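Please treat every number below as a calculation from the coordinates, not as lab data. Source: prediction; values computed, not measured. Cβ placement follows ideal geometry from the backbone for every residue including glycine, while neighbour counts extend to all protein chains displayed.
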């Protein structure tokens with residue numbers, strides 16, 4: 001299975017240098033004495049454990065509009081987040097000033113969470129040790145050595161190719177961005193974890209005009225890679241997808257309204273899993289009893305044949321993590337196995353609450369945020385149906401191909417996702433092109449109605465971003481073709 | 001405050017000394033504390049301190065923008081040097097220049113009261129006591145729901161933020177402000193396993209202006225209870241009231257295509273529509289930047305220009321685009337005719353309020369649908385097509401009837417706002433939009 005292949009690839013990767021992380025942050029005045037001072041303050045009021053999350057990130061990007069690469073940005077982040085944990089409770093403080101005084105002050109603020117705690121565990125670790133980790137995103141060519149003068153022609157060439165591809169394309173905006181974020185996680189047990197997370201992003205948006213009609217759309221690609229991510233194949237994919245998706249809209253209409261079968265195309269339809277199921281299986285919602293899946297562990301929540309995985313081990317994937325943002329190694333977590341809910345996605349706090357091992361899902365946007373259970377790469381494994389057979393099985397319904405966004409109400413389970421492009425299915429055939437149609441459903445009900453799963457599993461390489469608790473993290477999606485026997489289509493009356 | 005202004009001046013001078021002809025610098029810092037409480041105990045305590053420096057550089061006709069939170073002097077110098085070097089590699093953009101300093105002149109001497117001195121008196125004990133009180137009140141207010149209540153959470157927080165802006169062609173400004181907030185969520189459980197949640201919140205510049213906790217709690221309980229037993233709607237066309245707190249979703253869809261970026265990129269349904277009737281003549285929307293204690297209040301905008309009260313829509317007629325300095329110059333250059341800078345910032349809204357509160361609106365429409373929340377969906381600013389998830393209640397004989405869920409609203413943003421038939425009197429007290437409940441006719445809703 002494809003998912004097994006991904007798992008093996010991650011496991012076979014090399015392990016990083018233990019000293020690398022400490023040396024990296026020493027340049028910012030970070031050393032063992034700072035750790036000791038921070039932990040002494042953090043645990044002074046009796047917190048059970050604490051961790052420090054040092055982060056240094058550099059992002060850079062250039063963009064083209066009106067046939068000119070005329071703007072650029074750089075963003076540098078530096079800071080430390082200090083967390084003190086007492087049971088399910090956590091105190092958190094961060095500072096962008098890494099002086100001892102500022103870090104100790106922040107640690108003392110975080111320590112206040114444990115003001116009323118009875119247990120007092122003074123900090124008394126003898127030494128700190130950097131733990132090894134896999135490397136799921138080795139870089140072939142670092143961005144650091146790539147001059148802007150090398151990047152500019154790439155965007156200009158792409159612009160020329162886009163503008164000459166079809167006379168109906170009248171505008172093109174192109175963005176190329178990359179970031180590298182170094183993190184050093186120090187636990188009050190003395191364990192340390194260092195990682196460098198790369199990300200490269202390419203985006204192209206187009207406007208097309210034909211008579212009085214005007215439409216805009218685009219495409220983007222992202223992955224944990226260096227400059228090698230920008231190759232001819234990806235630039236061609238970016239160009240052809242953005243143009244095709246924009247021109248498609250000129251002929252498309254909103255879908256008819258009502259309740260009908262929906263066939264989700266392989267790939268980006270993983271947004272269904274993300275919204276309908278994924279968030280509800282994040283363990284913080286479940287330990288609080290506020291998820292629709294709170295009492296459903298080890299019960300059937302989907303028909304046989306439905307297996308859903310959240311995976312942090314796929315090499316170079318946008319959602320891949322060598323270690324999560326609490327220092328737990330990235331893993332492949334089977335959430336739903338043949339229709340049975342097997343596991344939630346855990347951070348350390350929820351894992352302790354449930355008495356299980358953390359699953360490596362403790363993620364955060366930056367040092368300014370506490371880690372919470374988050375998805376990584378969420379996908380449904382391939383099933384047994386030929387995708388053409390799935391389409392043929394629908395008398396009248398919607399075929400959803402590309403998407404822009406989705407949202408969920410965790411407790412009620414209601415979710416939506418927005419179809420940017422697709423087709424009507426009439427008498428088992430793809431017919432009229434459709435666009436700009438929202439789909440709404442209820443997670444558990446939609447899972448129960450997922451009655452055909454295709455053989456054509458596909459990952460999506462788009463730059464998906466997941467938002468939760470005011471934090472954004474990169475994620476990815478995958479899906480085979482799937483039929484949901486009934487969903488509400490937010491179209492127009494015919 | 002003066003230290004931030006000094007820092008911004010220093011960095012602007014440094015940028016010029018290193019080779020930039022002009023620069024815009026913004027230095028900012030903030031401190032915030034949030035306390036979260038859940039089911040009888042403290043859940044999370046957040047204490048945050050932020051600092052950052054943003055620099056826009058104009059180098060040999062080229063432009064770039066940069067930010068950093070590494071403010072060590074040696075780092076800032078390297079940061080600026082590298083940023084200037086990077087800018088030199090870009091292509092020229094003749095529309096990139098600092099705004100005309102004439103726009104900086106005439107800044108009014110008004111105290112917007114953005115800072116609440118009582119901020120300095122807030123203690124950790126107070127926050128803990130208030131966040132616990134919120135839960136207690138919510139438990140009492142939801143007592144009648146019995147074991148349907150599975151969790152109650154609350155939060156209180158406050159923040160102080162200050163910032164300084166310097167443009168090398170003469171603009172200087174510094175401002176500071178406080179915000180205070182409190183919220184509560186009530187999670188319920190239904191027999192079928194669904195766990196609807198209802199929330200209430202209050203958020204203000206001054207602590208004394210926060211809504212009373214019983215009012216916030218009542219909103220949360222009503223919101224949660226109103227979702228129990230929700231059903232799907234029958235697909236069709238309805239008279240719809242969109243509740244005041246939900247209006248912002250369709251308001252932003254209406255206003256987003258007015259931006260300079262949307263117009264320049266040919267992504268605006270409103271192109272060529274200024275001074276024409278674009279929506280119902282009932283709608284008048286004014287932007288008021290100088291409201292005392294207003295969440296959106298400001299004396300200058302992102303270009304450094306002095307802000308003024310202005311109409312956005314007057315009796316359904318579109319009065320202005322929202323074009324900042326750069327896009328005005330860019331479009332002027334591209335089109336060969338002058339495009340005015342109108343200012344891109346929006347602050348606090350004033351509406352053409354009617355005289356009916358929500359109860360009166362319900363009675364007025366008799367039968368229809370009340371939408372009190374949106375969930376996902378999107379709108380297309382180029383064509384105006386919209387499709388949003390939403391929920392609420394059926395309205396029968398002027399009363400709220402069965403709750404609704406999994407509803408989709410679809411149509412066109414211009415048509416929707418043109419079908420506006422009544423504007424309520426009930427401006428929502430939170431936020432800067434001050435939006436009232438509004439009645440729309442013939443709205444397409446889908447369900448079963």
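Side notes on the structure shown:
- Here the extension length gained between residue B:77 and residue B:120 equals 12.0 nm, from 0.36 nm per residue of separation less the Cα-Cα distance.
- Normalised by 2.2 N^0.38 Å, where N counts its residues, the alpha-carbon radius of gyration of chain B equals 1.10.
- Burial ranking of peptide ranges B:414-425, B:10-21, A:45-56, A:89-100 (average Cβ count within 10 Å, highest at the top): A:45-56, A:89-100, B:414-425, B:10-21
- Label point distance in nm, residue A:384-residue B:309, each placed 7 Å from Cα along Cα→Cβ: 7.2
- Our estimate of slack between residue B:113 and residue B:211, defined as 0.36 nm per intervening residue step minus the Cα-Cα distance, is 33.5 nm.
- Inter-centroid distance (Cα atoms) of segment B:69-84 relative to segment A:237-299, Å: 43
- Compactness of segment B:238-332 was expressed as the Cα radius of gyration divided by 2.2 N^0.38 Å, which yields 1.18.
- Dimensionless Rg over Rh [chain A; C-alpha; Kirkwood]: 1.00
- For B:308, B:167, B:144, the sequence from fewest to most other C-beta atoms within 10 Å is B:144, B:308, B:167.
- Averaged over the residues of A:255-267, the number of partner chain Cβ atoms lying within 10 Å of the residue Cβ comes to 2.
- Helix B:73-88 and the longest principal axis of the Cα set of chain B meet at an angle near 80°.
- Across segment A:2-251, Cα-Cα pairs more than 24 Å apart make up 60 percent of the total.
- Between helix B:213-225 and chain B: long-axis angle, C-alpha atoms, 0 to 90°, nearest 10: 60
- The orientation-averaged projection of the convex hull spanning the C-alpha atoms of segment B:236-446 amounts to 11.4 square nanometres.
- Look at the stretch A:92-100: the mean tally of other chain Cβ atoms within 10 Å of its residues' Cβ atoms is 5.
- Prolate/oblate/rounded label for segment A:258-490 (Cα gyration tensor, a/c 1.5): prolate
- Part-to-part distance (alpha-carbon centres) for segment B:1-37 and segment B:285-344, which is given in Å: 25
- In the distance distribution for the protein assembly as shown, Cα-Cα pairs more than 57 Å apart total 6 percent.
- Between 0 and 90°, nearest 10: helix A:2-11 axis offset from chain A longest Cα axis: 30
- In this rough spin-label picture, where each label sits 7 Å from Cα along the Cβ direction, the residue B:252-residue A:429 distance is 4.2 nm.
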